[in-house]
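First comes the structure, then the notes that go with it.
The values are calculated or read from the model by the stated rules, or taken from the named source; none is laboratory data. Nothing here was measured: the structure is a model prediction, and the numbers come from that model. Here the Cβ is made from the backbone with ideal geometry for all residues, glycine too, and neighbour counts use every protein chain on show.
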Amino acid sequence: MAKQYLFLLLSLSYLFSPELTAATAASQTGASKKAINFIQSSCKTTTYPALCVHSLSVYANDIQTSPKRLAETALAVTLNRAQSTKLFVSRLTRMKGLKKREVEAVKDCVEEINDTVDRLTKSVQELKLCGSARDQDQFAYHMSNAQTWTSAALTDENTCSDGFSGRVMDGRIKNSVRARIMNVGHETSNALSLINAFAKTY
C-alpha cells in the first residue's frame with residue numbers, strides 16, 4: 001500500500017508541468033499576438049526563457065504589455081508552484097520505508113520550502129506596494145524588499161536540493177524532490193529577472 005501511495009505521489013509531480021507552447025496558450029486564451037510577443041521578448045532576458053514563456057503565456061490577457069503585471073504574475077506563479085511543492089514534500093514525511101537520511105533530508109527540505117513560501121509571499125506583498133508608491137524613493141524601498149525576499153527564496157531552494165547530495169541518496173525520492181525543487185528554483189530565478197526588469201521602468 002505504501003509503495004502504491006508513493007508511486008501515486010511521484011506520478012502526480014508530472015501533472016504540474018503540462019507542455020503548452022506559446023502558440024497553444026494564445027489560441028486557448030484568445031490572447032492577442034502583441035501580448036504574446038511581449039511575454040516572449042521579456043522572457044529572453046531570463047535564465048530559463050522557454051519555461052518563462054510556457055508559464056506566463058496562459059496569462060497573456062491579464063499581462064498584456066505591462067512589465068508590472070508580468071513581474072506580479074511571474075511571482076504569483078512561482079508562489080503557487082512553491083506551495084504545491086511544499087504540500088508534496090510534506091506528504092513524503094509520512095511515508096513508511098524511507099531511509100534514515102531520506103527522512104532527515106525531507107524534513108530539512110520541508111523547513112526550507114516553508115521559508116521559500118513565506119519569503120515569496122512577502123515579495124508578492126512588496127511588489128503590490130510598488131504599484132501604489134507615491135514617489136521614486138518609496139518605489140525603490142518596496143522594490144528592494146521584493147528583490148531581497150525573492151533572492152532569499154532562491155537560496156532556500158538550493159539548500160533543500162543540497163540535502164539530497166551524494167550517491168547514497170540516489171533513488172525515486174531524491175529524483176522526485178529535486179525535480180520539484182529545481183522547477184521552483186527556475187521559476188524563482190525567472191521571476192527575479194522580471195522583477196529586476198520592472199524595477200528599471202520606474
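Go through (1) modelled with pLDDT under 95; (2) in contact with a helix residue (DSSP H, G or I) (Cβ under 9 Å, 6 or more places away or on another chain) for residue 190 and report which single condition fails.
(1)
What are the pairs, 6+ residues apart or on separate chains, where a residue within segment 123-148 that is assigned by TED's automatic domain parsing to the domain that holds residue 197 has its Cβ under 7 Å from a residue that is of a type in the set (Phe, Trp, Tyr) and surrounded by 13 or more Cβ atoms within 10 Å (Cβ to Cβ)?
If the second residue must be of a type in the set (Phe, Trp, Tyr) and surrounded by 13 or more Cβ atoms within 10 Å (Cβ to Cβ), the pairs left are 123/149; 126/149; 130/139; 133/139; 136/202; 139/202.
Might you let me know whether segment 150-169 holds any residue that is assigned to a helix (DSSP H, G or I), in the same structural domain as residue 96 (by TED's automatic domain parsing), over 17 Å from the mean Cα position of the chain (by Cα) and within 22 Å of residue 84 (Cα to Cα)? Can you show your working first?
Keep residues of segment 150-169 that are assigned to a helix (DSSP H, G or I), which gives 150-162, 167-169.
With in the same structural domain as residue 96 (by TED's automatic domain parsing) added as a condition, the list becomes 150-162, 167-169.
Filter once more, so that each one left must be over 17 Å from the mean Cα position of the chain (by Cα): 162, 167-169.
If we keep only those that are within 22 Å of residue 84 (Cα to Cα) as well, we get 162.
Yes, segment 150-169 has at least one match.
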